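Please read the structure below before turning to the comments.
Read the figures in this text as sums done on the coordinates, not as results from a lab. These numbers come from a predicted model, not from an experiment. Every residue, glycine as well, gets a Cβ built from its backbone with ideal geometry; the counts of neighbours run over all protein chains shown.
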């Protein structure tokens, strides 16, 4: 379903200055200036992912765990096509529904009603489908009384509710999920978890990032542990979560 082969992702952490004729003139005639700039650029290079390789079969639910900055979200963006890897290749067989930055495809000036159609079209849904599923989206989002309010007046939780409701109106072949089960109030969190379980049972392939080891163990069939952009281990959720917890806190992991 998804094949990730020797994928690396590099970023330049330096702040690039705008080009000026004066600086260009200096660089052209001053080898030391060119050398200094080249060394600074090299120093600012950061590899967020380093030679990542693993395979996800159809229907698998793969969890990504690791410390902040381990490369989890970067990997999701590369797999979903938001970013192009510096090295390596990714083969995806199936349509992807990414839930990485909920509400990223919204227009703050438009109402919730208008954003349902805007965001839905960005996700590839036809207008006819959105019209057919409109009431279902509204009911799930619990935002019936706010349909004609510009979403710039929404809380982050309300935006997340609307985005999740739009993204899950159909059963996607591949679902890319980044910490979305912790958004909204407790009631909505339970609804989103239930919806996720329905998608999983329906055969949706899932790549899921979370800091909650409990949800990783409950939802996933396989776990990939990342640190500093590299794979530490891959295996069964119970084993990998236990090893990760012990490494982080120096004590045995006990389920709550």
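Under the Kirkwood approximation applied to all pairs of distinct alpha-carbon atoms, what is the hydrodynamic radius of region 106-171 in Å? The partial results should precede the final answer.
Details: mean 1/r = 0.0872 Å⁻¹.
It works out to 11.5 Å.
Multiply the residue separation of residue 46 and residue 252 by 0.36 nm, subtract the distance between their alpha-carbon atoms, and state the gained length in nm to one decimal.
Values: separation 206, 0.36 × 206 = 74.16 nm, distance 3.29 nm.
Taking residue 46 through residue 252 to full extension adds about 70.9 nm, to one decimal.
If neighbour count is taken as other Cβ atoms inside 10 Å, put 158, 1, 197, 99 in order from fewest to most.
Numbers: 158 22, 1 17, 197 13, 99 27.
If I rank by nearby Cβ atoms, fewest first, I get 197, 1, 158, 99.
Taking a quarter of the surface of the Cα convex hull of region 66-119, what do you get in nm²?
Values: hull surface 22.0 nm².
Averaged projected hull area, Cα only: 5.5 nm².
Neighbour counts of other C-beta atoms within 10 Å: give me 252, 136 arranged from fewest to most.
Ascending number of Cβ neighbours within 10 Å: 252, 136.
Report the Cα centroid-to-centroid distance between region 224-239 and region 136-204 in angstrom, as an integer.
One Cα centre to the other: 28 Å.
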